[in-house]
Amino acid sequence: MPVSSAAASPDPAHAPLTGLPGVGPRVAEKLAARGMTTLQDLWLQLPRQYEDRTRLSPIRGLQAGVAAQVEGVVEAVERGFRYRPMLRVAIGDDSQATLVLRFFHFRAAQVAQFAPGTRVRCYGTPRLGQHGLEIVHPSYRVVGEHEAGELGDSLDPVYPAIEGIGQATLRRLIGQALDRLPDAAALELLPRDWLAAGLPGLREALLTMHRPPQGADVAALIAGTHPAQRRLALEELLAHHLSLRRQRIALQAHAAPVLEDQALAERLRASLPFALTGAQQRVFAQVREDLGKPVPMLRLVQGDVGSGKTVVAALAAMLAVESGRQAALMAPTELLAEQHLSNLRTWLEPLGVRIAWLAGKVTGRARAAALQQVADGSAQLVVGTHALMQEGVVFHDLALAIIDEQHRFGVHQRLALRDKGGEGGRVPHQLVMTATPIPRTLAMAAYADLDVSAIDELPPGRTPVQTVVLSAGRRPELVERIRAACAQGRQAYWVCTIIDESDEIVAQAAQSTFELLSGALPELRVGFVHGRMKAGDKQAAMRAFKAGELDLLVATTVIEVGVDVPNASLMIVENAERLGLAQLHQLRGRVGRGSAASSCVLLYQSPLSQMARQRLETMRDTSDGFVIAEKDLELRGPGELLGTRQTGLAAFRVADLARDADLLPLAQRIGERLQSEAPEVADRLVERWIGGAARYAAA
Ligand code: ADP
Ligand code: MG
């Protein structure tokens, strides 16, 4: 393939920005603070949106919040000084409506410009003012009678704001950088026939995005679906893919212990009160195969809530234990970690496995003792929260790191546990588990460094949870429903949610609901958990509920993740409209874990937004986590879905995982091919798209 040699002439891509006219030390510093130091960084600083100056909107049709270009004749000018200088200019057009342009900063010459009868064209976003719509500080120019209504063909790029550098300067600097863009062949890293049909070359794509030419498809550019954008998105997705693959390759260059003895895992399996599902067997077989190799396993196990991931993790841990080494299981909350601890003790202590417990609340002598056992190897399995990763936790010989609900942790935390591996550069195997199903395409982007297994089958005998959506006015009926369920020996959750307010307020709301329900249901044993309780009290309430000593548990969303009480068959969620799909799905996963038919009631407060209505309908219509995840992606976009901590994904310059998801398989194919046929090109792509950002993050 044609690979241009980087050595021959100095590559303008890496020319420093200080070589541009107008870039002195101060401007350079501001750009550098945003990771921009070379010409290439400016080429890739793509417009965030465009100002569409190819059309004029009638003033009558303007809408608050929707940017538009209008042209009108000055009807009145008012200059005020009441609190601060202010200039208001009313313009009118043929639609017989008036728009106010409002300025707080202006020069005398500007006032003179707006003589009544003058024709001005302006661009901006109207808002509702005291006297109808107004635009504050529009960009504008006076147009002569002869050019009335005559339009340009250009879309003006709007760049992401950079503190201390105005749009006009930014446009000029980027324009200068573009003037130094090399010719197409020198810039291109990808053979044309590897790309999807109809996608332009890189040079053309960059120029189209920065300087949309006459006749460009304006609507497509604004929507982000123009071939130029898709071309750049493809290259960016490819670069991210390659970068994750390289991290994986770097990690797998280390050695990992070979774990192959299976007698202990077999004994655990035989002692379980249930048979593994086909999916659990298949996934465990994949894990076992990975563990038998001398390179670190990097595997993600996806499984819907209740699919039984914990037991697969426990089986894997047995391979580490049997080989005389250690395994660690880390969970994102103390509640969940404690639940794992109690399950694992039940399963493993009869087999003679020694378990240590490390969480934030384990302090003093207990902590010292646990640390000692972890360090001298007498603890074979260590269960805990991120307390596991703290300094001072030294493993004797960690061979397998298991991370539950991985989406709750940042990527760097995953790496930190990895670093707890043994000496001599040996790295533990990693098993990460998540119940937030991610659409396949997204998983390919987010977890290109991981192998993915899916437990895509629920244990037998589960009946799907019946979900109903009711207005909050129906709350009294639900009290009767709880009474009936509990009279049959079942248990119920009542979940209180308030978002955007302090935990204190949630706790108070939950408290009053708790009191109300306790009063209305005197024959029931009602418990209460919320995030602000002491950890010990929280766990005591959970334990009592799990042991069947409580009938009804009033809770905040602290119970969202992982809590497992199979006898609970009814859940009521208040203000369900405030929760996202992923969260609702997790919550609902707390019921339907036993064989009894379960139901979930989603209460909402009217009025429902369009988005909230769609979410609740989705919850009512499906219990399939993957369908819900697809819908979530569609409604909210990937940044939300993966959580803000997955910042690497939020940082795309041009790609949008929801919009450009169809490009991912192609990006992956090209990535594999580049990696094997032209690794030096792969390096240059990563450097081009991610290099600067990585330098920035490392600084
Ligand atoms: P999750 O995948 O949500 O973490 P868990 O591991 O908590 O699910 O398992 C949910 C429940 O199902 C637990 O009570 C667990 O003991 C039980 N379970 C797991 N596997 C099976 C199986 N094959 N048959 C029956 N019950 C199972
Ligand atoms: Mg779990």
message: So, in the stretch 87-134, how many residues would count as being more than 26 Å from residue 158 (Cβ to Cβ) and without any contact (Cβ under 8 Å) to a residue 24 or more places away in the chain?
response: 5
Residue that is farthest from residue 53 (Cα to Cα), among those in the stretch 212-230 that are touching an Asp or Glu at 6+ places or on another chain (Cβ under 8 Å) and crowded, with 23+ Cβ neighbours inside 10 Å: 230
message: It is to be established whether one or more residues within the stretch 239-260 are under 30 Å from residue 288 (Cα atoms), touching a residue at least 12 places away in the same chain (Cβ under 8 Å), acidic (Asp, Glu) and surrounded by fewer than 19 Cβ atoms within 10 Å (Cβ to Cβ).
response: yes
- prompt: What are the residues in the stretch 358-383 that are under 21 Å from residue 542 (Cα atoms) and at pLDDT 95 or above, if any?
  reply: 383
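The rows are residues; the columns are (1) of a type outside the set (Lys, Arg); (2) at negative phi; (3) more than 16 Å from ligand 2 (Cβ to nearest atom).
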| site | (1), (2), (3) |
| --- | --- |
| 559 | yes, yes, no |
| 572 | yes, yes, yes |
| 586 | yes, yes, no |
| 592 | yes, no, no |
| 596 | yes, yes, yes |
message: Go through the stretch 535-592 and report how many residues are of a type in the set (Asp, Glu), closer than 30 Å to residue 631 by Cα and assigned to a loop (DSSP other than H, G, I, E, B).
response: 3
query: Within the stretch 331-367, how many residues turn out to be surrounded by 18 or more Cβ atoms within 10 Å (Cβ to Cβ) and within 16 Å of ligand 1 (Cβ to nearest atom)?
result: 13
query: Cβ-Cβ below 9 Å, separation at least six or inter-chain, first residue in the stretch 543-572 and within 25 Å of residue 403 (Cβ to Cβ) and without any contact (Cβ under 8 Å) to a residue 40 or more places away in the chain, second part of a strand (DSSP E or B) and more than 15 Å from ligand 1 (Cβ to nearest atom): which pairs?
result: 560/495
query: Do you know which residues across the stretch 66-109 are more than 14 Å from residue 138 (Cα to Cα) and acidic (Asp, Glu)?
result: 75, 78, 93, 94
- prompt: Within the stretch 277-299, can one find any residue that is near ligand 1 (Cβ under 10 Å from one of its atoms) and either farther than 30 Å from residue 598 by Cα or surrounded by 24 or more Cβ atoms within 10 Å (Cβ to Cβ) (or both)?
  reply: no
task: Take the stretch 261-281 and flag every residue that is more than 16 Å from ligand 2 (Cβ to nearest atom), touching a residue at least 60 places away in the same chain (Cβ under 8 Å) and either assigned to a helix (DSSP H, G or I) or polar (S, T, N, Q) (or both).
output: 262, 264, 267, 268, 271, 278
- line: Screening 316, 320, 328 for residues that are within 16 Å of ligand 1 (Cβ to nearest atom), modelled with pLDDT of 95 or more and among the hydrophobic types (A, V, I, L, M, F, W, C) leaves only 316
query: Which residues, counting only those in the stretch 20-40, are assigned to a helix (DSSP H, G or I) and either in contact with a Cys (Cβ under 7 Å, 6 or more places away or on another chain) or surrounded by 13 or more Cβ atoms within 10 Å (Cβ to Cβ) (or both)?
result: 27, 28, 30, 31, 32, 33, 39, 40
- line: Restricting the stretch 300-313 to residues that are within 23 Å of the chain's Cα centre (by Cα) and of a type in the set (A, V, I, L, M), the one farthest from ligand 1 (Cβ to nearest atom) turns out to be 300
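The values are calculated or read from the model by the stated rules, or taken from the named source; none is laboratory data. For clarity, every value in this text was computed on a predicted model and none was experimentally measured. A quick note on method: Cβ atoms are made from the backbone with ideal geometry, for glycine too, and the neighbour counts reach across all protein chains shown.
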